[in-house]
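What follows is one structure encoded as structure tokens, with my remarks underneath.
Here, each number is a calculation from the coordinates, and none is a lab measurement. All figures in this text were calculated on a predicted structure; none of them were measured in a lab. A quick note on method: Cβ atoms are made from the backbone with ideal geometry, for glycine too, and the neighbour counts reach across all protein chains shown.
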Amino acid sequence: MHLAWTSFLKSEAANCEPEGVKAFYRFVTDCDLEKMFLLGEYKAFGAFDNDRMVGIAGVRSVNFLSILFVDEKYHHRHIATDLVAMVVEYVSTNTPKKEIKVYSALPAVDFYRKLGFCKSQDVQRNCGVTYMPMVLTIR
């Protein structure tokens, strides 16, 4: 989760209250998250350049895209798009769910819209983080 944390600090932290930064840090360093991963309850998908992880997507609650980060040196190479495609493939073939949910950071809303996600609720603010709930219907 080091990549998620360092990417968050560079791209999202400035849009969060201090409480939100602390909440995200607790999330990515939580021992329960590691346990969920080991039990198969949290799925992680990675993008690599040789042995170096340059992108990560995480899914919890079967169809909730909880993290999506790409190292800034690898932006604009379709890595995030490919990671979302992996998540769509996983959800569509391994679960009965026909949608993927995400709480998009406001700067990422247009990215998700280009992938077919739609706004599912108005902008929300929780624990110092502002986000747009969005959903992608899997066909």
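Here Lys22 and His2 are evaluated by their C-beta separation; at R0 = 25 Å the FRET efficiency comes out at 0.90. Mean residue ellipticity at 222 nm, helices only, the chain: -11000 deg cm²/dmol; runs of at least 4 DSSP H residues each add -39,500 (n - 2.57), and the sum is divided by the number of residues. Quick check: from the Cα gyration tensor, does the stretch 50-139 come out rounded (a/c under 1.5), prolate or oblate? It comes out oblate by the Cα gyration axes.
In this label model, Arg77 and Leu106 are separated by 3.0 nm, measuring between points 7 Å along each Cα→Cβ vector. State the antiparallel share, in %, of DSSP beta bridges confined to the chain, rounding to the nearest 5. In the chain, approximately 95 percent of DSSP beta bridges are antiparallel ones.
Once backbone amide H atoms are built at 1.01 Å from N, Ser66 has Gly58, Val59, Arg60 as its partners under 5 Å, excluding neighbours fewer than 5 places away on the same chain.
For the pair Asp30 and Val135, a Förster radius of 25 Å applied to the C-beta separation gives a FRET efficiency near 0.50, rounded to the nearest 0.05.
You can think of it this way: the chain between Phe64 and Ser92 has 8.8 nm of extra reach, that is 0.36 nm per residue less the Cα-Cα gap. Extension gain, Asn15-Met53: 0.36 nm per intervening residue step, less the Cα-Cα distance, totals 11.2 nm. Positive end of the dipole of the chain (Cβ unit charges, origin at the Cα centre): among Tyr90, Tyr42, Thr130, the Cα lying farthest that way belongs to Tyr90. Using C-alpha pairs below 8 Å separated by at least 6 residues, the relative contact order for the chain is 23 percent.
Taking label points 7 Å from Cα along the Cα-to-Cβ direction, Lys119 and Ala44 give a separation of 3.4 nm. For the stretch 42-139, a simple Cβ point-charge model (Lys and Arg +1, Asp and Glu -1, everything else neutral) yields a dipole of about 340 debye relative to the Cα centre.
The residue among Ser120, Gly58, Ala4 whose Cα reaches farthest toward the positive pole of the charge dipole of the chain, with charges on the beta-carbon of Lys, Arg, Asp and Glu, is Ser120. Do the alpha carbons of any pairs in Lys22/Lys114; Lys43/Lys98; Lys10/Lys73; Lys43/Lys97; Lys43/Lys73; Lys98/Lys119 sit beyond 22 Å of each other, and which pairs? The pairs that break the limit, which is 22 Å between Cα atoms, are Lys22/Lys114; Lys43/Lys73.
Evaluating 6.51 cos²θ - 1.76 cosθ + 1.60 at θ = phi - 60° for every residue in the stretch 117-125, the Karplus couplings come out as 5, 10, 4, 10, 8, 5, 3, 10, 9 Hz, glycine and proline recorded as x.
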